[in-house]
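Working notes, structure below.
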Amino acid sequence: MAESLAAALEREHHEIDDEIEQFTAKLAAGSVEAAPIRHAATALRRHIYLEEVFLFPPLRDAGMVAPIFVMLREHGQLWRTLDAIEAELAFDPDQATLQKLSKELVVQLEHHNPKEEQILYPQADLTLDTDAAAQLAEFLKSGALPDGWVCERA
Ligand SMILES: [Fe+2]
Ligand SMILES: [Fe+2]
């Protein structure tokens, strides 16, 4: 049986968390290794895209207006933290600044992801019609963030 949408979306959260953790562990040990956090940032932006484009609209149509309002606002905060981290990495990265920013990112995700996992994701498999579910599943497998896309509340 195919993996449920809820399980696939939750798995992405954990994969992104693991990469951030790799970055922060190195950082705590005194070295700035950009690859894992750059990869996590790309993956998180893509994850935000697929939620805002494929997942949230049908859930909103099904009546989950308030939780989606909150999720969009939190996506905006996450997006700006990623911008700040990437800007810091781009030129003469400062370890203390990266420590502060990556801590912020972790705290934001600790607030955001459990709400999605408990409130929204369980509805994904119940609410999305066959076409919408297939589109989301296809994007999860191989879709890329379109160039220049920014989240609704960035
Ligand atoms: Fe999200
Ligand atoms: Fe998510």
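What's the local net charge at Ile119, with K and R +1, D and E -1, over the other residues with C-beta under 15 Å away?
Values: positive: Arg60, Arg73, Lys115; negative: Glu10, Glu51, Glu74, Glu116, Glu117, Asp125.
Result for the neighbourhood of Ile119: -3.
Cα-based Rg of the chain per 2.2 N^0.38 Å, rounded to two decimals? Before the final figure, lay out the partial values.
Working: Rg = 15.9 Å, N = 154, 2.2 N^0.38 = 14.9 Å.
The chain yields a ratio of 1.07.
What lysines could a cross-link reach from Lys103, if we take a straight Cα to Cα line under 17 Å and drop same-chain neighbours fewer than 8 places away?
Lys26
Average the reciprocal distances over every distinct pair of alpha-carbons in the stretch 1-47, invert the result, and give the Kirkwood radius in Å.
Working: mean 1/r = 0.0873 Å⁻¹.
Averaging 1/r across every pair of different Cα atoms and inverting gives 11.5 Å.
By how many degrees, between 0 and 90 and to the nearest 10, does the Cα long axis of helix 95-115 differ from the longest principal axis of the chain?
For helix 95-115, the angle is close to 20 degrees.
Starting with the highest mean, order 47-60, 30-43 by the number of other Cβ atoms within 10 Å, averaged over the residues of each peptide. Let's see the in-between values first.
Details: 47-60: 19.7, 30-43: 16.1.
Highest to lowest by the protection proxy: 47-60, 30-43.
Grab the beta carbon distance between Ala66 and Glu21, set R0 = 30 Å, and tell me the FRET efficiency rounded to 0.05. Please report the intermediate quantities before stating the final value.
Working: r = 31 Å, r/R0 = 1.04.
So, using R0 = 30 Å, E works out to roughly 0.45.
Under 8 Å for C-alpha pairs, at least 6 residues apart: give me the relative contact order for the chain, rounded to a whole percent.
On the way: 120 pairs, mean separation 59.4, N = 154.
Once divided by the residue count of the chain, the mean separation gives 39 percent.
On each of the three principal axes of the Cα atoms of the stretch 8-83, give max minus min coordinate, whole Å, ordered largest first.
Taking the Cα atoms of the stretch 8-83, the three principal extents are 47, 24, 15 Å.
Relative to the longest principal Cα axis of the chain, at what angle does helix 130-142 sit, 0 to 90 degrees, rounded to 10?
Approximately 20 degrees, to the nearest 10.
Spelling out what I want: for every residue of the stretch 84-91, take phi, set θ = phi - 60°, compute 6.51 cos²θ - 1.76 cosθ + 1.60 (Karplus), and round to whole Hz; glycine and proline get x.
5, 5, 5, 5, 5, 6, 5, 8
For every helix of n ≥ 4 consecutive DSSP H residues, a contribution of -39,500 (n - 2.57) applies; sum these over the chain, divide by its total residues, and give [θ] at 222 nm rounded to the nearest 500 deg cm²/dmol. Kindly include the intermediate steps, with their values, before the conclusion.
Numbers: 7 runs with 114 residues, N = 154.
One gets -24500 deg cm²/dmol as the mean residue ellipticity at 222 nm.
From the backbone phi of the stretch 57-71, what are the Karplus-calculated ³J(HN,Hα) couplings (6.51 cos²θ - 1.76 cosθ + 1.60, θ = phi - 60°) in whole Hz, Gly and Pro given as x?
Computed from phi, the couplings for the stretch 57-71 are x, x, 5, 5, 4, 7, x, 8, 6, 5, x, 6, 4, 5, 4 Hz.
Mind pulling the angle between the C-alpha long axis of helix 34-50 and the longest principal axis of the chain? Nearest 10 degrees, somewhere in 0 to 90.
20 degrees
Throughout, read-outs are computed from the coordinates displayed, never taken from laboratory work. What you see is a predicted model, and the numbers here were worked out from it, not measured in a lab. Counting neighbours? That spans all protein chains shown, and the Cβs are built from the backbone with ideal geometry, glycine included.
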